Structure formats: C-alpha cells, structure tokens
1. Going by Cα centres, segment 26-59 and segment 79-96 are how many Å apart?
2. Net charge around Ala85, counting only other residues with Cβ within less than 9 Å of its Cβ (Lys, Arg = +1; Asp, Glu = -1)?
3. In Å and whole numbers, how far do the C-alpha atoms of segment 24-133 stretch along each principal axis, longest first?
4. Pairs of Cα atoms under 8 Å, at least six residues apart: use those to get the relative contact order of segment 24-133, whole percent.
5. In nanometres, what is the gap between the two model label sites at Lys103 and Trp73, each 7 Å from Cα along Cα-to-Cβ?
6. Neighbour counts of other C-beta atoms within 10 Å: give me Ile43, Ile31 arranged from fewest to most.
7. Between Phe128 and Tyr52, what is the FRET efficiency for a Förster distance of 35 Å, r being their Cβ-Cβ separation, to the nearest 0.05?
Amino acid sequence: MVAKKEADFDDDDQIAEPRSPLNFSISILGILFLILTETFFYILSEKTGEPYGIVQILFALILTAIITLFLIWIRWIMWGNKYAAIFISLLVTAGMVYALTRKYQGIYTTVFAVIGSVLFLGYIILEFWKLGKK
C-alpha cells in the first residue's frame, strides 16, 4: 500500500535560499579594506619620507584582494562548520596583526591594526550570528 502525500505536507515545498559566497557586505568590506590599506601606506610614506608610488598602491590592492578572498573563503567554510571558521579567523587575524607589527611600529600602525581587526572580526561575528539564527 502506497501512502499518498497530503496537501498540508509542506517539507518539499520549502526552497532553500541560494548560497553565494559573494554578497553586498563583502563588497562593502572589500572597499573599506582598500581605503584602509591605501590610507595606511599614504600616511606611512608621509611620516617616513619614503615615496608613495605604484608599488605601494599595487601592494595595497593585492593585500585587499587577499583579505577579501579570505573572507569569502571563511564564509564558505562557515556554512559547513561555524566553529572551525571562527577558529581559523581568529588565528588569521592574530597572524595579520603580528606580521604588521613586526614590519611597522608606531601609533598609526596600532590604530590601523585595531580598525582592520574590528572590521574583520566584526564581519565574522555578524556572519556567525546570521547563520545561528537560521
């Protein structure tokens, strides 16, 4: 005997929302990181007297692309295991701040490291919270 599907049985009717690792918030965050890195290198060149040129601009662009791609990757990992993504994000944030402070020291470096960390970890916490609600 075959059971018939009732009209009130709606499990199959639910359509999962499409998951795209690239969204509006990552785009905005990428632009903010671009502004942050370009500003850091410009102020650094003003304070040290070193030239601000194409090398610094390209380095800031590449650094922004790497950070943005990492955020996309972390968001993708978060769909499978939220806690592993948080752990990896904390390790990478600590590594980036350590690498930055090894190369440059001073109040501007500290301010930019704090701003970058807050942006980075704020996004990760927001995504963690959004996934927890679903």
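1. Distance between centres, Cα-based: 25 Å.
2. On the way: positive: Arg75, Lys82; negative: Glu127.
Summing Lys/Arg as +1 and Asp/Glu as -1 gives +1.
3. 49, 24, 16
4. The normalised contact order for segment 24-133 reaches 29 percent.
5. Each label point lies 7 Å from its Cα, and together they span 1.7 nm.
6. Ile31, Ile43
7. 0.40
Where a number appears in this text, it was derived from the coordinates with a stated rule and is not lab data. This one's a predicted model, so the numbers in the text were calculated from it and none came from an experiment. FYI the Cβ positions are ideal-geometry reconstructions off the backbone, even for glycines, and counts take in every protein chain you see.
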